[in-house]
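Below is one structure, written out as structure tokens; comments come after it.
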Amino acid sequence: MNKILWGLGCCLLMEIMARGAEPLILDMVHHNPGEAPYDSAYVDPAVIKEMGYNGKVYFLFESPSLAINWESVDPDILPKGSADRQWVDAKAAQIKTMQAECKEAGLSVWAQSDLMLFPKRLIEKYSIEETFGDPQNPQTEKLLRAQINEMFDQFPDLDGLVVRIGETYLHDAPYHQGAIKGKQNAETTIIPLMNILREEICVKRDKQLIFRTWRSFDDKLDAYMAVSDAVEPHANLVISIKHCEGDFHRGNPFSKVIGQGRHRQIIEVQCAREYEGKGAYPNYVINGVIEGFEEHARMPAEQINSLREFTEKTPELYAGIWTWTRGGGWGGPYINNEMWCDLNAWVVAQWAGDPSQSEAEIFNRYATERLKLNGDDVAKFRKLCLLSADAVIRGRNTTFGDMNPWWTRDQGISFPKPNEDPEKQTRSLQQKDESVAMWNEIVELAESIQWADDQTRAHAVSSAIYGRDLYEIYRSLVYLSDAEANNDPEGIKKWIKAYDEAWAVYNKLPEQYPLVSTLYTQEYERHIKTPADQYVNQLRSK
């Protein structure tokens, strides 16, 4: 079977090479749903073109799926003059302008779209409230095919569609409704849906399709292989996979489906990590993404644990890289300087076009070409950035995954639970100490570098201090959690004091550095099960 699949992969690779295809190097700004769009340099197609990208993915609420008028199906679905038709027409005009600017910059145009997603009027008129999320339903299939036709007919600059079925966001889609039935079921949902899209987009229109695996078939190899075996490969069909399983958490397993099956794969990389400050502090992840994170070094030798291994072991499956330069998650922190996002994005975009390159060489080019560093400062900057990756994994989790990674996210912190295994808990405490020590070294390095200008220096130093002060808060909470678990009143008192002092120092940052990113907040409760500050206040009376 492996030899057969290998042969099919080689045939596909020969077809792709004959067509002159190059790796896809795509970027998307993932705006916070329901909020004003990010004010980001990466919204501008010309900016990402200069960085090495060859395509732009427009976010969910910039998708033609929300902007088609459905007139080929039924003019009464969105009647002219109605509020929803006016909204759709305005959205269409906005999207066409954006896509034209993208084409003018020399980039391919992609749209990320939730499926299944239809106008509320359509769902109500055709009485399909119970069936519109089922791709195997004949009427739903007919409407889906019509939707695809209208998207490409009404938006001729659209080169490809990025399909997402893991979740459905409706925060900025007041006249639409979305849902999908059995999103993790390969037989009833994924395979029939992918075959419909393959036929309509790849075959009939010779356009491109990226089908995302996230939260559907991204962490179960048997499900992935079932899809791979059931859907015939096509030069225009690519499967999208995050480099780690689940969300972008350090410590999560490297994706077991990367390098598997017979379809080309594009790898998703988050540059402003939503669980790790969103660019508010140094956090260089691309060395780990390309060469392998330290937490994945213990994987069996025969398993792929980095993008380097992926491109070397199964080059016929490598389709490219898709970054999110900004965004992911919800809320803040909100940054005023995109330096740390830019570093991650630029290095991986430069590497994606030629994976034989050394990550370190590309990194040094960034330091010299974009930051204008010289001599020993390049080595100092390299050390600072590699230390940031080490400090983050130790401060939020451990290199052995001893903590639940969901205890802090966006701009909020929940009260961490200790590991019930004493040995693992001891290791977790030790690594929190190591993280703070690393952050102190990062601050020293940032202060010692001769930056090209005062603005860059101010941001580099202040963001390093931001990271150090935040991870002091993290450390105090992990130790406080441990003291409570051990019924240690003196320890509880000691670490509450440390927690209060750490917050006092951290909250003064905007006074010292007016352009520092917005801070984490003690009042944040969104997606936080047990807000840390509320729990600490309960412990004060013990």
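The values are calculated or read from the model by the stated rules, or taken from the named source; none is laboratory data. Fair warning: this is a prediction, and the values are worked out from it, not measured in the lab. So basically every Cβ, Gly included, is an ideal-geometry build from the backbone, and we count neighbours across all protein chains shown.
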Could you tell me which residue of the stretch 489-521 is farthest from PRO418 (Cα to Cα), considering only residues that are surrounded by fewer than 17 Cβ atoms within 10 Å (Cβ to Cβ) and among the polar types (S, T, N, Q)? GLN512
Scan the stretch 206-218 residue by residue and report those that are over 24 Å from PHE400 (Cβ atoms) and buried (at least 17 other Cβ atoms within 10 Å of the Cβ). LYS207, GLN208, LEU209, ILE210, PHE211, ARG212, THR213, TRP214, SER216, PHE217
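Every residue, every condition in (1) aliphatic (A, V, I, L, M); (2) farther than 25 Å from PHE400 by Cβ, yes or no:
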site: LYS220; (1), (2): no, no
site: ALA223; (1), (2): yes, yes
site: ILE239; (1), (2): yes, yes
site: ASN252; (1), (2): no, no
site: SER255; (1), (2): no, no
site: GLY259; (1), (2): no, no
site: ARG262; (1), (2): no, yes
Residue under question is HIS459, and the condition is that it be at pLDDT below 95 and under 30 Å from the mean Cα position of the chain (by Cα); does it hold? no
Residues of the stretch 371-423 being free of Cβ contacts under 8 Å to residues at least 24 places away in the same chain and more than 24 Å from the chain's Cα centre (by Cα), in sequence order, are GLY375, ASP376, VAL378, ALA379, ASN419, GLU420, ASP421, PRO422, GLU423
Checking the conditions here, which among ASN195, ASN185 is among the polar types (S, T, N, Q) and within 16 Å of ASN236 (Cβ to Cβ)? ASN195
Does ARG121 count as basic (Lys, Arg) and more than 21 Å from PRO79 (Cα to Cα)? no
Consider ASP482 carefully, then state whether it is crowded, with 16+ Cβ neighbours inside 10 Å, touching a residue at least 60 places away in the same chain (Cβ under 8 Å) and at positive phi. no
Please indicate, with yes or no, whether at least one residue in the stretch 83-96 is crowded, with 22+ Cβ neighbours inside 10 Å and either at pLDDT 95 or above or polar (S, T, N, Q) (or both). yes
In the stretch 143-195, which residues are in contact with an Asp or Glu (Cβ under 6 Å, 6 or more places away or on another chain) and among the aliphatic types (A, V, I, L, M)? ILE148
Within the stretch 400-432, how many residues turn out to be more than 16 Å from GLU472 (Cβ to Cβ), surrounded by 20 or more Cβ atoms within 10 Å (Cβ to Cβ) and either of a type in the set (Val, Ile, Thr) or assigned by TED's automatic domain parsing to the domain that holds TRP330 (or both)? 0
Can you go through ILE77, ILE95 and tell me which one is under 23 Å from GLU141 (Cβ atoms), in contact (Cβ under 8 Å) with a residue 12 or more places away in the chain and touching a Pro at 6+ places or on another chain (Cβ under 8 Å)? ILE77
Do we find that GLN177 is free of Cβ contacts under 8 Å to residues at least 40 places away in the same chain and not in a helix (DSSP H, G or I) in this structure? no
In the stretch 271-317, which residues are in a loop (DSSP other than H, G, I, E, B) and either in contact with a Cys (Cβ under 7 Å, 6 or more places away or on another chain) or outside the structural domain of ARG250 (by TED's automatic domain parsing) (or both)? CYS271, ALA272, PRO282, TYR284
Condition first: surrounded by fewer than 18 Cβ atoms within 10 Å (Cβ to Cβ), under 27 Å from GLY467 (Cα atoms) and not assigned by TED's automatic domain parsing to the domain that holds ALA460. Can you find one or more residues in the stretch 340-360 that meet it? yes
Quickly run through the stretch 333-374 and pick out the residues that are within 29 Å of ILE210 (Cα to Cα) and outside any helix (DSSP H, G or I). GLU338, GLY353, ASP354, PRO355, SER356, GLN357, SER358
Looking at (1) in contact (Cβ under 8 Å) with a residue 40 or more places away in the chain; (2) more than 24 Å from the chain's Cα centre (by Cα), can you tell me which one SER216 breaks? (2)
Screening GLU141, GLU200 for residues that are crowded, with 20+ Cβ neighbours inside 10 Å, over 18 Å from ARG215 (Cβ atoms), among the acidic types (Asp, Glu) and assigned by TED's automatic domain parsing to the domain that holds ALA223 leaves only GLU200
Among the candidates LEU144, LEU161, LEU193, which residue alone is in contact with a strand residue (DSSP E or B) (Cβ under 7 Å, 6 or more places away or on another chain), within 26 Å of ILE266 (Cβ to Cβ) and not polar (S, T, N, Q)? LEU161
Which residues, counting only those in the stretch 522-535, are buried (at least 16 other Cβ atoms within 10 Å of the Cβ), within 20 Å of GLU274 (Cβ to Cβ) and not hydroxyl-bearing (Ser, Thr, Tyr)? GLN522, ILE528, PRO531, ALA532
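Let's see how each residue does on (1) touching a strand residue (DSSP E or B) at 6+ places or on another chain (Cβ under 8 Å); (2) over 18 Å from HIS176 (Cβ atoms); (3) part of a loop (DSSP other than H, G, I, E, B); (4) outside the structural domain of LEU143 (by TED's automatic domain parsing):
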| position | (1), (2), (3), (4) |
| --- | --- |
| GLU50 | no, yes, no, no |
| ASN69 | no, no, yes, no |
| VAL73 | no, no, yes, no |
| LEU78 | yes, no, yes, no |
| GLY81 | no, yes, yes, no |
| ARG85 | no, no, no, no |
| LYS91 | no, no, no, no |
| LYS96 | no, yes, no, no |
Hey, any hits in the stretch 383-393 for a residue that's at pLDDT 95 or above, touching a strand residue (DSSP E or B) at 6+ places or on another chain (Cβ under 8 Å) and not β-branched (Val, Ile, Thr)? no
Give the number of residues within the stretch 107-159 that are in a helix (DSSP H, G or I) and not aliphatic (A, V, I, L, M). 16
